[in-house]
Amino acid sequence: MTFRWFGADDPVSLRHIRQIPGVRGVVSALYDVPVGDIWSRDNLDQLAGSIDAEGLELAVIESIPVHEDIKLGRSGRDRLADQYAESIGSIGEIGVPVLCYNFMPVFDWMRTDLSMRLPDGSFALAYDDEVLARMDLSKGTGDLPGWATAYDSATLAGLLDAYSRVSEEQLWDNLAWFLERITPAAESAGVKLAIHPDDPPWPVFGLPRIITSGPALEKLVGLVDSPANGVTFCTGSLGAHEANDLPAMARRLGEKGRIHFAHCRNVKRTGPRAFHEVAHLAGDGDVDMHGVLTALRDTGFDGPMRPDHGRMIWDERGRPGYGLYDRALGATYLQGLWEGLSI
Ligand code: DNO
């Protein structure tokens, strides 16, 4: 069981993480390296060292962001892919076995409300396509919620314009090109690549999104037929789409040995392309957590798993989705389920 930590600035400390029953692995990243630059061995050593010092272990890098020029297939992608491969080499050298990354154009995960009040008084992340349609991008990403990378209005307009000429098929081609370039480096470094599904799993702001379903994940693992080319099975991202049968998807990908990381959280669908997050318990939302964990267990999954976004409970304030308490409850719930399956 692992837990995400955003580095020294994270209001959740390693000391607290160390006290969550069963958690020994930390999921983290270098947050101050500009997208596209090489991750230095020194900085990685420092990150791993600070985690070791608290009796924990750096188990997963989530993420090295992929430069937009790679996703757009622009010239310059050769150098960027070489640099990405070099960073993978360093991750392998320090002994981290899994790299989670994504291939979502411009925006990473997307929500339209970062603190929706639930009936029990807790606050959760929520998404509604109708609200998204009214969002104004003309000022850049500045005051809009949920985005890992901030863009000013001109840069954002330029990117949106560039993507208006990129079809889903072209995006798949660009992803295949990227994987062909980096998978050999991952193989020789002993690092497993684990693509994160698009969250939510449909286009946003007219931008193509392709990693959205079981067939898409299977296509992905077929792009480069190497055990190093796998997925992060994120139940919350995939579970936002009612067509996704999560236990069946986990079983098929698990049988191929291509699930390298599991993000487990729950969502409640409230309409077509609308949902909010809930506590991890299967009974609280639409994700069949027992079914997913059974499929993982049956197919021999032994990789890292982490609770994903939590609600804000007990008056906690902090990074949306990434407070301590509800995620810690999620970690113990998931371990309880897993333990029950192991008897
Ligand atoms: C959201 C996360 C994602 C994930 C990236 C991986 O909370 O699951 O931001 O880290 O998509 O590249």
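Once backbone amide H atoms are built at 1.01 Å from N, Lys256 has no partners under 5 Å, excluding neighbours fewer than 5 places away on the same chain.
As a proxy for reagent exposure, ranking Ser90, Ser50 by other Cβ atoms within 10 Å from fewest up yields Ser50, Ser90. Cα-Cα pairs above 34 Å in the chain: how many percent? Considering the chain, 19 percent of its Cα-Cα pairs are separated by more than 34 Å.
Let me have the 222 nm mean residue ellipticity of the chain computed from DSSP H runs of 4+ only, each contributing -39500 (n - 2.57), with the sum over all residues rounded to the nearest 500. Before the final figure, lay out the partial values.
On the way: 12 runs with 129 residues, N = 343.
Value at 222 nm, helices only, nearest 500: -11500 deg cm²/dmol.
Positive end of the dipole of the chain (Cβ unit charges, origin at the Cα centre): among Leu217, Ser342, Cys100, the Cα lying farthest that way belongs to Ser342. Of all stretches in the chain that contain no GluC sites (Glu not before Pro) in a DSSP loop with at most 16 other Cβ atoms within 10 Å, the longest one is 55-241. Distance between the C-alpha centres of region 98-169 and region 185-240: 19 Å, rounded to the whole angstrom.
So what's region 241-299 giving for Cα Rg divided by 2.2 N^0.38 Å, two decimals?
Numbers: Rg = 11.9 Å, N = 59, 2.2 N^0.38 = 10.4 Å.
After normalising by residue count via 2.2 N^0.38 Å, the value is 1.15.
Taking the chain as the region of interest, the number of lysine pairs whose Cα atoms are within less than 24 Å, with members eight or more places apart or on different chains, is 6. Computed from backbone phi, the HN-Hα couplings of region 316-325 come to 5, 10, x, 5, x, x, 10, x, 7, 5 Hz, rounded to whole numbers (Karplus: 6.51 cos²θ - 1.76 cosθ + 1.60, θ = phi - 60°; Gly and Pro given as x). Our coupling estimate for region 270-281, obtained by passing each phi through the Karplus curve with A = 6.51, B = -1.76, C = 1.60 and θ = phi - 60°, is 10, x, x, 6, 8, 6, 9, 7, 9, 4, 5, 3 Hz, Gly and Pro reported as x. With loop membership from DSSP and a limit of 10 other Cβ atoms within 10 Å, the longest segment of the chain without trypsin sites (Lys or Arg not before Pro) is 166-316. Between the C-alpha center of region 1-38 and that of region 257-333 there is a gap of 17 Å. Taking every DSSP bridge with both residues inside the chain, close to 35 percent are antiparallel.
With the biggest extent put first, the Cα atoms of region 1-106 measure 47, 26, 22 Å across the principal axes.
Charging the Cβ of each Asp and Glu at -1 and of each Lys and Arg at +1, and nothing else, the dipole of region 76-228 about its Cα centre rounds to 120 debye.
Readers should treat all values here as calculations from the given coordinates under stated rules, not as data from a laboratory. All figures in this text were calculated on a predicted structure; none of them were measured in a lab. Methodologically, a virtual Cβ is constructed for each residue, glycine included, from the backbone with ideal geometry; neighbour enumeration extends over all protein chains shown.
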